[in-house]
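Enquirer: Structure in structure tokens, see below.
The values are calculated or read from the model by the stated rules, or taken from the named source; none is laboratory data. Just so it is clear, the structure is predicted and the values come from calculations on it, not from any experiment. With ideal geometry, Cβ positions are generated from the backbone for all residues, glycine too; neighbour counts draw on all protein chains shown.
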Amino acid sequence: MKKFSDLGVKAIEDKNVFNVPVVSVQDVINVEIEVLDFEANIKTSHGDGRYILKIKHEGLECKFFTNASPIKNALDQIRKTDFPFTTIIKQQRFGSGSGKTFYFT
């Protein structure tokens, strides 16, 4: 019997998907979190170009997916050597509908 590890199958697009529980960004709004790492341009069932963030919240490591431009733009400007860092995620509503986005403070 062959072992899976002997089959030469490569990791999914060499992306880090972080083997920790998933939380909603709604679960970590307005509380201090520690951002441990992230991976850009992840394809999910909600579309392409999402970011996955590995965080520590209430002492537990977890992850969430986001397509919020302010968070994505901020992460793109932070050097990997500056991780981990602490922040608070805030929500901003816009327009008269249900539009909202999230950003670091």
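Enquirer: Please indicate, with yes or no, whether at least one residue in the stretch 73-85 is assigned to a strand (DSSP E or B) and not aliphatic (A, V, I, L, M).
Expert: yes
Enquirer: Go over the candidates Asp82, Asp76 one by one and state the one that is exposed (fewer than 11 other Cβ atoms within 10 Å of the Cβ), modelled with pLDDT of 95 or more and within 15 Å of Gly49 (Cβ to Cβ).
Expert: Details: Asp82 fails: within 15 Å of Gly49 (Cβ to Cβ).
Sole residue among the options that is exposed (fewer than 11 other Cβ atoms within 10 Å of the Cβ), modelled with pLDDT of 95 or more and within 15 Å of Gly49 (Cβ to Cβ): Asp76.
Enquirer: Inspect the stretch 41-58 for any residue being surrounded by 16 or more Cβ atoms within 10 Å (Cβ to Cβ), touching a residue at least 40 places away in the same chain (Cβ under 8 Å) and not hydrophobic (A, V, I, L, M, F, W, C) and give the result as yes or no.
Expert: Checked against the condition, which is being surrounded by 16 or more Cβ atoms within 10 Å (Cβ to Cβ), touching a residue at least 40 places away in the same chain (Cβ under 8 Å) and not hydrophobic (A, V, I, L, M, F, W, C), the stretch 41-58 yields no hits at all.
Enquirer: Under the condition of being among the charged types (D, E, K, R) and assigned to a strand (DSSP E or B), which residue from the stretch 21-47 is nearest to Arg79 (Cα to Cα)?
Expert: Per the stated criteria, the residue is Asp37.
Enquirer: Please pick out the residue among Lys56, Lys90, Lys63 that is in contact with an Asp or Glu (Cβ under 6 Å, 6 or more places away or on another chain), at pLDDT 95 or above and either assigned to a strand (DSSP E or B) or hydrophobic (A, V, I, L, M, F, W, C) (or both). Spell out how you get there, then give the answer.
Expert: Details: Lys90 fails: in contact with an Asp or Glu (Cβ under 6 Å, 6 or more places away or on another chain); Lys63 fails: in contact with an Asp or Glu (Cβ under 6 Å, 6 or more places away or on another chain).
None of the other options fit; the residue is Lys56.
Enquirer: Filter the stretch 57-105 down to the residues that are of a type in the set (Ser, Thr, Tyr) and closer than 12 Å to Val25 by Cβ and list them by number.
Expert: Within the stretch 57-105, Thr66, Thr101, Tyr103 qualify.
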